[in-house]
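Following: one structure in structure tokens, then a few remarks.
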Amino acid sequence: MATQTAAPVPSPPRRVPLWAAGAALWTTVAAVLAARAGGLAQVDGLATFCVIFTSIMVEAIPFVLIGALVSAAVAVYVPDRAFARLSRLPPALQVPGAAAAGLAFPVCECGSVPVARRLLLRGLHPAAGVTFMLAAPIVNPIVVASTWVAYGGGTQGTRMVAGRCGLGLLASVVAGWRLGPHARVSSRPEDTSHEHPAERRGSFVTHLAGDFLYMARFLALGAALSALLQTVVPQTILSGLAGSLVLGTLALMGLAFILSLCSEADAFVATSFTAFPLGAQLGFLVLGPLADVKLAAMYEGTFRRGFVVRLLALAVPLVLAGSVAYATVAW
């Protein structure tokens, strides 16, 4: 009798091991301390790298923690039947509902990724999960308030808030529909929540630690890459582009991708580009929360390969067109 050969089991996608990310991070910290002790911290490039890397991590880590807290709460305390009801709704209702839900979640782009991942694992339509992930960092109350204040409040602040939220929601919904099929995520052992009420507290801590450490290692990788890019790319290159609306908008969008700022604070940076028109600044404010260097690393660690390329191919022309249209409107 012929023996049957077992089909090869597909190997899971390769991930950056947690110990490797931790070793790289602490090696960087040790190198910085050694450089300071040896007087190398006076080198402009090294000092710039350290300042940028530290600022991104300090700024983003609290919001990753907020996202992990929300994600763990969803996993442990929200019953499965609630997600079952949501998942039975038509996608045409799930997607706009997910976009509107971003108004109530005070999380930036770093924190929205683990929350969206949890929603996808619980059965939410992929298009709705991606829409929420992209919309929440742009339309949440903290970002709305910071944008209004950064642009001086009043009429101009209101217009910038309206432009940012309107274009951000449009880009999020379009990207959700188009990229949903490419947003499949794989579950991990800690993604299975305990059902017994007595075990919920321990399960919450397990989920919190798992989500936080999982996303923080990709944040560290993206922050290091962003700091390196900002150190080696001279910012004076942008000064000659401010006179052209299209080129200026593309320049600020590229800068938003490199700087990897938190959406709660990026409006104050955008207002400093006084040589650029408001439409170009709007492109900076909308593209940054959708895709930047640190998010690229986090997306690749969460979704299928190629998600970042597809997102950029869709978002860049859409945000550019919307920003140029905003700039040409006679207010």
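The values are calculated or read from the model by the stated rules, or taken from the named source; none is laboratory data. None of these values were measured; they are calculated from a predicted model. So basically every Cβ, Gly included, is an ideal-geometry build from the backbone, and we count neighbours across all protein chains shown. Calculation scope for accessible area: heavy atoms of the full protein, side chains included, ligands and nucleic acids excluded. Shrake-Rupley method; radii C 1.70, N 1.55, O 1.52, S 1.80 Å.
Results for (1) open to solvent by 10 Å² or more (accessible area, probe 1.4 Å); (2) at pLDDT below 85, shown as yes or no for each residue.
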{"position": "Gly97", "(1), (2)": "yes, no"}
{"position": "Val107", "(1), (2)": "no, yes"}
{"position": "Cys110", "(1), (2)": "no, yes"}
{"position": "Val113", "(1), (2)": "no, no"}
{"position": "Leu119", "(1), (2)": "yes, yes"}
{"position": "Ala127", "(1), (2)": "no, no"}
{"position": "Val130", "(1), (2)": "no, no"}
{"position": "Ala136", "(1), (2)": "no, no"}
{"position": "Val139", "(1), (2)": "no, no"}
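Given the conditions (1) open to solvent by 60 Å² or more (accessible area, probe 1.4 Å); (2) touching a residue at least 60 places away in the same chain (Cβ under 8 Å), which single one is not true for Leu86?
Of (1) open to solvent by 60 Å² or more (accessible area, probe 1.4 Å); (2) touching a residue at least 60 places away in the same chain (Cβ under 8 Å), only one is false for Leu86: (2).
Check segment 38-48 and report whether any residue there is assigned to a loop (DSSP other than H, G, I, E, B), open to solvent by 60 Å² or more (accessible area, probe 1.4 Å) and modelled with pLDDT of 75 or more.
no
Determine, yes or no, whether Val64 is under 17 Å from the mean Cα position of the chain (by Cα), open to solvent by 20 Å² or more (accessible area, probe 1.4 Å) and over 20 Å from Leu285 (Cβ atoms).
No: the conditions fail for Val64.
Would you mind listing the helices (runs of 4 or more DSSP H) fully within segment 227-331 where at least 3 residues are open to solvent by 20 Å² or more (accessible area, probe 1.4 Å), modelled with pLDDT of 95 or more and not charged (D, E, K, R)?
Answer list for segment 227-331: 307-328.
Between a residue in segment 144-167 that is within 22 Å of Val107 (Cβ to Cβ) and open to solvent by 40 Å² or more (accessible area, probe 1.4 Å) and any residue that is part of a helix (DSSP H, G or I) and among the β-branched types (Val, Ile, Thr), which pairs come within a Cβ distance under 6 Å, given they are 6 or more apart or on different chains?
Val144/Val161; Trp148/Val161
Is it the case that some residue within segment 75-83 is touching a His at 6+ places or on another chain (Cβ under 8 Å) and either in contact (Cβ under 8 Å) with a residue 12 or more places away in the chain or among the aliphatic types (A, V, I, L, M) (or both)?
yes
When you check Val185 against the structure, is it open to solvent by 30 Å² or more (accessible area, probe 1.4 Å), over 14 Å from the mean Cα position of the chain (by Cα) and at pLDDT 90 or above, yes or no?
no
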